[in-house]
Amino acid sequence: MWMIPGQNQSWVSEFILIGFSSDPTTNSILFIVFLLMYLSSVLGNGLIIMLVCLDTQLHTPMYFFLCTISLLDMGYVTTTMPQMLVHLLAHSQTISFAGCWLQMYVFGALGMTECTFFVVMAYDQYVAICYPLRYTVILNWGLCIRLAGGSWICGLFSSLLHTFFTMSLPYCGPNRINHYFCEGPSVRSLACMDTHVIEMVDFVLSVFVVVIPISLIVASYIGIAMAILKIKSNQGRCKAFSTCASHLTVVTFFYAPASYIYMRPNSSYSPERDKQISLFYNVFTALLNPVVYSLRNKDIKRAFLKVMGHGRLAW
């Protein structure tokens, strides 16, 4: 459990993830609930990726972005939930220091990439509604690749900074993390030194990957709202507003809890509340995204029926 690098200093070599409950019955119920949520998230997002890849009519910028967000959601939820499911039934809830480092980095990289990618999704909506005739000209494949690549680079680099500064802190004990995975603020609260500087680093990173993207998303949807109000058909306006409202619901579920977790001081850290809040941007958005962005979409439904029809013919 302990590594001793010097005569007067020691640090932990593993952490214990406390999770949600120590009661076996409660953990069994939570296991079933979270297993169903995890499988629904993976199957829903996996179905979208498969349909976009198989149907050539979905090889457009919009569905390329939808496929990317589904891939991010699958990776995002898989980084934390399989381990949480094992810990709900296992007697041991330990994770090595290196494993914690890796989980924090991958989770952060996918989460921060999704933060910036929501801006890309909002821009896609803006161009589609405000400039429908020039949509494919403005969002050409070169720009799409650059937008997606830029989001990934931003996420990977930002998470590297966050994880490096957090895991470079000395952890002398205790080693019990009151969370279901290695999230930065929860791990940082165990450090045996003042973390004010690291908190400032996280705050600056949050401004770049949370505040600025939110501002750009709001600006995009203001432009979208103004364009929708110019639509003469009441049915067309209602349909456009309904689509935008559902997209904004997902964005709110993701950004609001993430902002709370990463942009407040360590002094206001509340383990039990934070565990519940993190479920919103870790689990619930991965469940919502397939429904909001794609499964309500007529093109996705058509592609699904087409694939199912070919499957029946093959049999």
Tell me which lysines have Cα within less than 25 Å of LYS301's Cα, excluding those fewer than 8 residues away on the same chain?
LYS239
Rounded to a whole %, the carbon-and-sulfur portion of the accessible area of segment 11-95 at a 1.4 Å probe is 72 percent
Compute the relative contact order of the chain as a whole-number percentage, counting only Cα pairs closer than 8 Å that sit 6 or more residues apart in sequence.
25 percent
Quote the relative contact order of segment 195-312 in percent (integer), defining contacts as alpha-carbon pairs under 8 Å separated by 6+ residues.
28 percent
LEU35, LEU43, ranked by accessible area, largest first (probe 1.4 Å)
LEU43, LEU35
Computed over the chain, protein heavy atoms only, probe 1.4 angstrom, the accessible area per residue in square angstrom equals 49 Å²
Would you report the distance distribution of C-alpha pairs in segment 68-165 as whole percents per 5 angstrom bin, up to the bin with the largest distance?
2, 12, 17, 18, 15, 11, 9, 6, 4, 3, 1, 0
Within the chain, which complete DSSP H helices have Cα atoms spanning at least 27 Å along the helix axis and a mean Kyte-Doolittle hydropathy of -0.5 or higher?
24-54, 97-130, 141-167, 234-262
Work out the FRET efficiency for ARG176 and LEU39 from their Cβ-Cβ distance, taking R0 = 41 Å, and round it to the nearest 0.05.
0.90
Out of every Cα pair in segment 1-142, what percent are spaced more than 22 Å from each other?
58 percent
Apply 1/(1 + (r/R0)^6) to the Cβ-Cβ distance of VAL211 and GLN276, taking R0 = 25 Å, and write down the FRET efficiency to the nearest 0.05.
0.60
What value in Å³ per residue do you get for the convex hull of the alpha-carbon atoms in segment 82-127?
67 Å³
Order of 97-108, 66-77 by packing, highest average Cβ count within 10 Å first?
66-77, 97-108
Fraction of alpha-carbon pairs over 28 Å apart in segment 153-296 - percent
32 percent
Give the peptides 13-24, 278-289, 221-232 in descending order of average Cβ contacts within 10 Å, highest first.
278-289, 13-24, 221-232
P(r) of segment 27-304 over all Cα-Cα pairs, binned every 10 Å from zero, in whole percent:
6, 27, 34, 21, 9, 2, 0
Give me the distance in nm between label points sitting 7 Å out from Cα along the Cα-to-Cβ direction at VAL218 and LEU156, one decimal.
3.2 nm
Just read off the accessible area of HIS196 with the full protein assembly in place, 1.4 Å probe, to the nearest 10 Å².
100 Å²
In nm, to one decimal, how far is the HIS91 label point from the VAL197 one, both placed 7 Å along Cα→Cβ?
4.3 nm
Are there cysteines in the chain with no second cysteine's Cβ under 4.7 Å away, and if so, which?
CYS53, CYS67, CYS115, CYS130, CYS144, CYS154, CYS238, CYS244
To the nearest 20 Debye, how big is the dipole of the chain about its Cα centre, given +1 on the beta carbon of each Lys and Arg and -1 on that of each Asp and Glu?
1360 debye
If amide H atoms are built 1.01 Å from N in the plane of the peptide, which residues on other chains or at least 5 residues away come under 5 Å of the amide H of ARG176?
ILE16
Take each of the peptides 120-130, 204-214, average the number of other beta-carbon atoms within 10 Å over its residues, and list them starting from the highest.
120-130, 204-214
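The values are calculated or read from the model by the stated rules, or taken from the named source; none is laboratory data. Just so we're clear, the structure is a prediction, and the values are computed from it rather than from any experiment. Cβ sites come from the backbone with ideal geometry, for glycine too, and all protein chains shown count toward neighbours. These area figures cover heavy atoms from the full protein model, side chains too; ligands, DNA and RNA do not enter into them. Shrake-Rupley method; radii C 1.70, N 1.55, O 1.52, S 1.80 Å.
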